[in-house]
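J.: What follows is a structure written as C-alpha cells; I'll ask about it next.
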Amino acid sequence: MAEVKELRCVIGDCRFGVDEVSYTCPAHGELGTLDILYDYAALRSQLDRDELSASSAANCWRYKSLMPLAPEAVVPPLSVGWTPLYDAPRIAQKLGLRSVYVKDDGANPTGSLKDRASALVLARALELGFSTVSTASTGNAAAALAGLGASTPEVDIVIFVPASAPAAKIAQLLVYGAHVLLVEGSYDEAFDLCLETCAAQSWYSRNTGVNPYTTEGKKTVALEIAEQLNWRAPDVVAVSVGDGSIISGLYKGFYDLRQLGWINRMPRLLGVQAEGSAVLAKAFDQGLDPLDVKREAVATIADSIASELPRDRAKALRAVRRTDGCYVTVSDAMIQAAIPEFAQLSGVFAEPAAAATYAGLKRAVSAGLIDGDESVCIVSTGNGLKDVDRARKSVSGGTRVAADRAAVEVALKSAGLV
Ligand SMILES: *Cc1c(COP(=O)(O)O)cnc(C)c1O
Ligand SMILES: [Zn+2]
C-alpha cells in the first residue's frame with residue numbers, strides 16, 4: 001500500500017514512474033534491473049514498527065504498507081511468509097559463533113522462498129488485469145507461481161522448465177494444474193524462450209531479474225528476520241545464490257528498514273555459490289563490473305542455484321559490496337554432507353541449494369570471514385522434500401528387520417540401541 005516514488009535503474013541514473021516501465025530499464029536492457037523506491041520520509045511519519053508488530057496477519061501481507069500495491073489490491077489467498085526463525089545453539093556452538101538463527105523458508109506453501117515473489121507478482125498481475133502469467137524456472141519459482149496461481153483462478157500459469165529438473169519439482173507443477181513446457185535445454189535457454197513468448201503473447205512475465213516486483217516480494221524475508229529479532233539485524237545473513245535475486249531481495253528489505261530508521265545497521269550479506277556455478281563469486285573476487293560478467297557452463301547437484309549467467313547479477317553484486325559482505329563457494333560433496341548435518345543440528349530438512357548455505361557458512365567461518373562474537377542468520381530457502389533422491393544419497397543406514405518382536409530385539413542390540 002506504499003505509494004511508489006520511482007523505479008530506479010541499478011546501472012545508470014535512470015528513473016521511471018511506476019506505470020512507465022514494466023520490467024527492466026529501456027536504456028540499459030536486461031542488465032538494467034529496477035529498484036522500486038518509496039518516499040521514505042513520508043513513510044517514516046506514517047508508519048510505526050510497533051504498530052506493524054501488532055498486526056494479526058501471520059504472513060507476508062503484514063508488510064503490505066511497505067509493498068508496491070494500491071490500498072484496495074487483492075492478494076492471493078495462500079498464506080506466504082511469516083516463516084519460523086529458529087535459534088540454533090548447536091550450530092552456534094559447533095561453529096564457534098555467538099548465535100545462529102535459521103529462517104525456515106521451506107515452510108512456505110509450495111516449499112520455498114520463491115513463494116514470496118510469486119505472491120506479490122500475482123497480486124500485481126491481478127491489479128494490472130493480466131489473465132496469463134508465465135515464468136522460466138529451475139523448479140521452485142515455477143512451483144511457487146503454479147501453486148499461488150492455483151489459488152488465484154483469474155489467471156492461467158504457463159511454465160518453462162528444463163526437462164532435467166528434479167521429478168518432484170515437475171510433479172508439483174502438474175499437480176497445481178499449470179501449463180508446463182518441459183524445455184529440452186538448460187535453464188538459461190528456457191529463460192530466453194519464456195521472455196520471448198511473454199513479449200509475443202502479451203503475458204505478464206514473472207521472470208527473475210526482469211520483473212522488479214520479485215525483489216519486492218523476496219525482501220519480506222529480511223523484514224521478517226528483523227522483526228523476529230525485535231528489530232535488530234544480525235551481524236551476518238547467509239544465503240545461497242544462483243540468479244542473485246534472493247540476496248538482492250534481502251538487501252532491499254534491510255535497505256528499506258534502514259531508510260525507515262527501524263534497524264540501526266545493515267547486516268553483512270554472505271552469498272554462497274556452488275563451485276560448479278560460481279559466476280557471481282568469481283566476479284566478486286575479481287572486482288568485476290556487472291557489465292563484464294560472462295556466461296559460464298555450470299554443473300552442480302544444487303539445481304536451484306545453477307545459473308550460467310545470473311539474471312540479477314547487478315543487484316546481487318551490489319548487495320554484497322554495499323554491505324561489506326562476501327561470496328564463498330562450496331563443492332557438491334560439501335553440499336551433500338551438509339544436508340543431514342544441518343538437519344540434525346537444527347531440525348530443518350533443506351534441499352541441496354538450501355543446505356549449501358550451511359556449508360558456505362562453515363567455510364566462511366574457517367576462512368576467518370566471520371568473528372566468533374558475531375550473530376548469523378542462515379536463510380534456508382527450500383524444503384528437503386523437494387529433492388528426496390538427493391537427500392537419500394546423503395545418508396545411509398536403516399536396519400531391515402523381520403516383522404517379529406524377537407528380530408526387533410536382535411536388531412536393536414546389534415545397532416547398540418539397547
Ligand atoms: C532460487 C533458489 C535459490 C537461489 O536464489 P537466486 O535468487 O536464484 O539467487 C536458493 N535456494 C533455493 C531453494 C531456491 O529455490
Ligand atoms: Zn538504465
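J.: Sorted from largest down, what three extents in whole angstroms do the Cα atoms of the range 1-130 have along their principal axes?
T.: 50, 34, 33
J.: Could you let me know the centre-to-centre spacing of the range 237-254 and the range 353-418, using Cα atoms, in angstrom?
T.: Using only Cα atoms to place each centre, the spacing works out to 25 Å.
J.: List the pairs from K94/K294; K252/K362; K64/K294 whose alpha-carbon separation is above 31 Å, in the order I gave them.
T.: Values: K94/K294 37 Å; K252/K362 25 Å; K64/K294 37 Å.
With Cα atoms farther than 31 Å apart: K94/K294; K64/K294.
J.: Springs between alpha-carbon atoms under 10 Å, Gaussian network over the chain: tell me which of V21, V388, V221 tops the mean-square fluctuations.
T.: Evaluated over the chain, the most mobile residue of the options is V21.
J.: List, in order, the whole-Hz ³J(HN,Hα) value for each residue of the range 150-166 obtained from phi through the Karplus relation with A = 6.51, B = -1.76, C = 1.60 and θ = phi - 60°; use x for Gly and Pro.
T.: Along the range 150-166, the couplings run 5, 7, 10, x, 5, 10, 8, 10, 10, 10, 10, 10, x, 4, 8, 4, x Hz.
J.: Quick one: which residues, 5+ away or cross-chain, put their amide H under 5 Å from the amide H of D156? H built at 1.01 Å from N.
T.: Counting only residues 5 or more places away or on other chains, the set is T132, V133.
J.: Still on this model: Ignoring everything except DSSP H segments at least 4 long, calculate the 222 nm mean residue ellipticity for the chain; use -39,500 (n - 2.57) per segment, divide by total residues, nearest 500. Mind dumping the intermediate values first?
T.: Values: 16 runs with 164 residues, N = 418.
That calculation yields -11500 deg cm²/dmol at 222 nm.
J.: A further question follows. Cut-off 10 angstrom, C-alpha nodes, Gaussian network model of the chain. Which of L181, L223, L120 fluctuates the most?
T.: Checking each option, the largest mean-square fluctuation is seen for L181.
J.: Which one, L229, G185, Y251, is farthest towards the positive end of the dipole of the range 144-268 when Lys and Arg carry +1 and Asp and Glu -1 on their Cβ?
T.: Farthest towards the positive pole: L229.
J.: With everything on Cα atoms, drop me the angle between helix 405-414 and the longest principal axis of the chain, reported from 0 to 90° to the nearest 10.
T.: 80
J.: Separate question: Give me the angle, in degrees from 0 to 90, between the Cα long axis of helix 332-346 and the longest principal axis of the Cα atoms of the chain, rounded to the nearest 10.
T.: 80
J.: Determine the sum of side-chain charges near G244: Lys and Arg each +1, Asp and Glu each -1, restricted to other residues whose C-beta is under 10 angstrom from that of G244. Please list the in-between numbers first.
T.: Values: positive: R311, R313, K315, R318; negative: D243, D312.
Result for the neighbourhood of G244: +2.
J.: Starting from the amide H of V100, placed 1.01 Å from N in the peptide plane, find each other amide H under 5 Å away whose residue is 5 or more places distant or on another chain.
T.: It is A88, A92, V376, by chain and number.
J.: Hey, another quick one. Mean separation of Cα pairs under 8 Å and 6+ residues apart, divided by the residue count of the range 207-281: what relative contact order is that in percent? Spell out each step's value before the answer.
T.: Working: 102 pairs, mean separation 26.7, N = 75.
RCO, the range 207-281: 36 percent.
J.: Would you please put 76-86, 403-413 in order of how densely packed they are, using the mean number of other Cβ atoms within 10 angstrom per residue and starting with the highest? Don't jump to the answer; show the numbers that get you there.
T.: Numbers: 76-86: 19.9, 403-413: 11.2.
Peptide ranking by packing, descending: 76-86, 403-413.
J.: Check the straight Cα-Cα distances from K413 and name the aspartates and glutamates below 20 Å, setting aside those fewer than 8 residues away within the same chain.
T.: Partners within reach: D404.
J.: May I pose another question? Can you work out the Karplus-derived ³J(HN,Hα) for every residue in the range 235-242? Use 6.51 cos²θ - 1.76 cosθ + 1.60 with θ = phi - 60°, whole Hz, and x for glycine or proline.
T.: 5, 9, 10, 10, 8, 7, 9, x
J.: Spit out the partnerless Cys residues in the chain, using Cβ distances under 4.7 Å as the pairing rule.
T.: Lacking a cysteine Cβ partner under 4.7 Å: C60, C194, C198, C326, C377.
J.: Also, I was wondering about something else. Between the range 94-113 and the range 185-212, how far is it from one alpha carbon centroid to the other, in angstrom?
T.: Between the Cα centre of the range 94-113 and that of the range 185-212, the gap is 30 Å.
J.: On a 0 to 90 degree scale, rounded to 10, what angle separates helix 187-201 from the longest Cα axis of the chain?
T.: 30
J.: May I ask which residue of T300, C326, Q336 lies farthest towards the positive end of the charge dipole of the range 277-348, with charges of +1 (Lys, Arg) and -1 (Asp, Glu) on Cβ and the Cα centre as origin?
T.: Working it through, the farthest residue towards the positive pole turns out to be C326.
J.: Check K5: other-chain or 5+ apart residues with amide H under 5 Å from its amide H, H built from backbone geometry?
T.: L37, Y38, D39
J.: Pull up the cross-link candidates among the aspartates and glutamates for K393, meaning alpha carbon to alpha carbon under 13 Å and not fewer than 8 places away within one chain.
T.: Here the aspartates and glutamates satisfying the reach criterion relative to K393 are D332, E351.
J.: Calculate the dipole size of the chain relative to its Cα centre from +1 charges on Lys and Arg beta carbons and -1 charges on Asp and Glu beta carbons; express the result in debye to the nearest 20. Write out the running numbers ahead of the final one.
T.: Numbers: 41 positive and 49 negative charges, 210 e Å.
In total the dipole reaches around 1020 debye.
J.: Continuing with the same structure: Which residue fluctuates the most in the chain, going by a Gaussian network model with Cα springs under 10 Å, if the choices are G111, G249, G398?
T.: G398
J.: Select from the range 1-100 those GluC sites (Glu not before Pro) which occupy a DSSP coil region and have at most 15 other Cβ atoms within 10 Å, ordered by residue number.
T.: Passing sites in the range 1-100 are E3, E20, E72.
J.: Treat each spin label as a single point 7 Å out from the Cα along the C-beta direction, and report the V401 to A150 distance in nm.
T.: 3.6
J.: Along the range 66-74, what does the Karplus equation 6.51 cos²θ - 1.76 cosθ + 1.60 (θ = phi - 60°) give for ³J(HN,Hα), rounded to whole Hz, x for Gly and Pro?
T.: Whole-Hz 3J(HN,Hα) from phi for the range 66-74: 10, 10, x, 10, 6, x, 8, 4, 8.
J.: Another question, if that's okay. Testing the spin-label approximation: label points 7 Å from Cα along Cα→Cβ at Q286 and L174. State their distance in nm.
T.: With each label point 7 Å from Cα toward Cβ, the separation is 4.1 nm.
J.: Which trypsin sites (Lys or Arg not before Pro) in the range 244-305 pass both tests, a DSSP loop state and at most 11 other beta-carbon atoms within 10 Å?
T.: On the way: sites: K252, R258, R265, R268, K282, K294, R295; in loops: R265, K294, R295.
Sparse-neighbourhood loop trypsin sites (Lys or Arg not before Pro): R265, K294, R295.
J.: Relative contact order for the chain: what percent, with Cα pairs under 8 Å and sequence separation of 6 or more?
T.: Values: 883 pairs, mean separation 68.6, N = 418.
That works out to 16 percent.
J.: If you rank S186, S380, S396, S118 by fewest surrounding Cβ atoms within 10 Å, what's the result?
T.: S396, S186, S380, S118
J.: Quick one: compute a quarter of the convex hull surface over the Cα atoms of the chain and quote it in nm².
T.: On the way: hull surface 86.5 nm².
Spelled out: convex hull of the Cα atoms, projected over all directions, averaged, 21.6 nm².
Bear in mind that the values in this text are calculations on the coordinates, not laboratory data. Keep in mind that what you see is a predicted model, and the values were worked out from it rather than measured. A quick note on method: Cβ atoms are made from the backbone with ideal geometry, for glycine too, and the neighbour counts reach across all protein chains shown.
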